[in-house]
Every structure is written in C-alpha cells, then in structure tokens.
Amino acid sequence: MPNSVVVGQFPSVGGKEHFGLVFAKGNGLAACVNRALAGLKADGTLARLQTEWLSTKASAPVLK
C-alpha cells in the first residue's frame with residue numbers, strides 16, 4: 001500500500017512461518033486467490049515481497 005510502514009513484527013517461534021487465508025466453504029474467491037498466489041510464487045514476486053516486508057530487511061522491531 002502506498003505510504004505504508006511496517007512498525008513491528010511478531011517474534012518467530014520454531015521453524016518457518018506459514019500464513020493462511022480463510023474463506024467460507026464453497027466461496028468462489030478461494031480458487032481465484034489460490035491461482036493469484038501460485039502466479040506470484042511462480043514469477044518470484046511472493047519471495048520478493050516476503051523479503052521486503054516480512055524479513056529483517058524491513059527493520060521493524062520485534063514486538064514483545
């Protein structure tokens with residue numbers, strides 16, 4: 001989002017972190033979102049976004 005700033009991050013616990021989205025059973029958006037995420041992963045965009053916004057490169061302090 002334009003002009004957004006990451007102000008903090010939750011501490012990592014254990015191994016890799018996983019994120020998810022929840023849709024009501026039968027919601028047609030789930031298939032669209034899965035296709036969009038697969039495309040972002042395939043072209044490297046998802047990895048770039050994770051590095052930019054969800055890693056130590058974001059320089060956001062760990063929330064306690």
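No value in this document is a laboratory result; all are computed from the given coordinates. Bear in mind the structure is a predicted one, so any value in this text is a computation, not a measurement. All Cβ positions, even for glycine, are placed from backbone atoms using ideal geometry, and neighbour counts span all protein chains on display.
Tabulated values for the structure
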{"quantity": "Charge dipole magnitude, Cβ of K and R +1, D and E -1 - the chain, Cα centre, debye nearest 20", "calculated": "100"}
{"quantity": "Evaluated at q = 0.20 Å⁻¹: base-10 log I(q)/I(0), Debye formula over Cα of the chain", "calculated": "-1.01"}
{"quantity": "3J(HN,Hα) from dihedral phi, segment 8-13, Karplus parametrisation 6.51/-1.76/1.60, rounded to Hz, x for glycine, proline", "calculated": "x, 9, 6, x, 7, 10"}
{"quantity": "Among 26-39, 2-15, the order from most to least packed when residues are scored by Cβ within 10 Å on average", "calculated": "26-39, 2-15"}
{"quantity": "Mean Cα-pair separation over length for the chain, i.e. relative contact order, pairs under 8 Å, 6 or more apart, %", "calculated": "61"}
{"quantity": "Estimated inter-spin distance, Leu29 and Gln50, nm [label 7 Å along Cα→Cβ]", "calculated": "2.4"}
